[in-house]
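Below is one structure, written out as structure tokens; comments come after it.
Any read-out appearing in this document is the output of simple, stated calculations on the displayed coordinates, not a laboratory observation. Owing to the predicted nature of the structure, the values given are computational and were not obtained by experimental measurement. All Cβ positions, glycine included, derive from the backbone under ideal geometry; neighbour counts span all protein chains shown.
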Amino acid sequence: MITITTSLLSRPTAPGSNEIAVYARINLRSATERFKPIEISTRLKCEKKLWDQKAGRFKGKNPKTQSYNNRLTQFEADIIAAFNSCNGSGEFDLEDFKRIIGCKGAKAQKEFSISELFSECTKKKGNELGIKRHGRYDLVQIRFLDSLKTGNSGRNIKPQEITREDFLRFKNYLQAKNLSGNTIIGHLKILKAVFREAFNSKIIKEFPFNDCSTAYVKSQRQFLTYEELSRIESLPDLGLTPRQQLVRDLFIFQSYTGVAISDLTELQTDHLHTSLHGTMLVKNKCKTKEFFRAPLSEVPTRIIEKYKEQAKPKNRLFWVPCIKDYNRDLQIIRHLAKIEKPLISHIARHTMACMYLQGGGSIYTLASILGHSNVRTTQIYGKLQDHGMLSEARQVFKNLSNRDAEIIPINRLLKGGQDGSARQANTR
């Protein structure tokens, strides 16, 4: 709620002058609180005898007086419009209102850079993000600023100048880096979250990305066949650098155990559990904290023995390169093994899931090996549902083919039906 009353100051504007400044007194009340009255100059002056105190207007009907009164009416309308714009979201910002109407003593609004916008957003979200997400916000900030420099000839852009075109330019920039579809969508979602937070905090007046879609694309999961994995296993050490040899062996280890790259880096000797039935890896997953239990067959056991004496952090089973170097070396291995599918570390996990089910393993046991709390999560790996359906159908048809009863061909069945109909007609 807002009420505006215009009145004269109690004293003339200058000694020896009969004119007195006209001021507006603004009383404000929002939905939650009442504010102290604000006084602001209308930039008009009037002699006391020409002022109508009750109406809050100039006396008289001459053109000059009417012009002054029209200016006062417009002045009040502008103040009401400013109040409505500041009160539109339901939370009234007094300082913002003072800045709009040009009130003296209003705090100047801080000019944020885009880097400060990201910092402000991560500060507000705090522990909700976690260390990994904080790093992702920093990466999006670096890449977004780089895309802005490319598209604006190096000129520094302010947050309020960002438009939908900058969003699309950033999307094209990410696509040019050959990032996966969902990685690009993740970057765009973070960008929208930062600017949404800036809009909610009234750092920017308009949210620039209203019409920009950031829906995740359902990706088709890739996996290697046993023949393709055998090609990687048979790659000779000759022609590979020591790190590429290590990456080849680690990828094979993942393909036989289903261990994710994040867990592979943290595997220790304490995670090896030996019993009468053999050895298995038992560990909490880094991502979900769920237990996984991966039995070790001959191939992964041999790889552990191979790198037993390698220099590595204390108690670790392997020294694992960073994910960027790991996947870069996998591209070289993919080329040497003549594999056409894209090769990244996580494909080893899909490969293990497919091979396990193709060998007749239970999907529930596989869920325990991979560390999934829900079997439905396991079913998405490598079209596992299709494999289960085909196996079951194959068994059903096999059982049908072993029956003692004669299976009548369809043409004989139809012919017999026609003959039977004819016999019935003759009988009648």
Could you run the Debye sum over the Cα atoms of the stretch 114-200, one equal point scatterer each and no solvent, and tell me log10 of I(q)/I(0) at q = 0.11, 0.21, 0.26 Å⁻¹, two decimals? -0.28, -1.04, -1.48
Listed highest first by mean packing, meaning other Cβ atoms within 10 Å per residue, what order do 266-278, 69-81, 183-195 come in? 183-195, 69-81, 266-278
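Assuming a ≥ b ≥ c are the square roots of the Cα gyration tensor eigenvalues, decide whether the stretch 226-390 counts as rounded (a/c under 1.5), prolate (otherwise, with a/b larger than b/c) or oblate. Mind showing how you got there, number by number?
Working: a/c = 1.69, a/b = 1.16, b/c = 1.46.
Because a/c hits 1.5 or more and a/b fails to exceed b/c, the stretch 226-390 counts as oblate.
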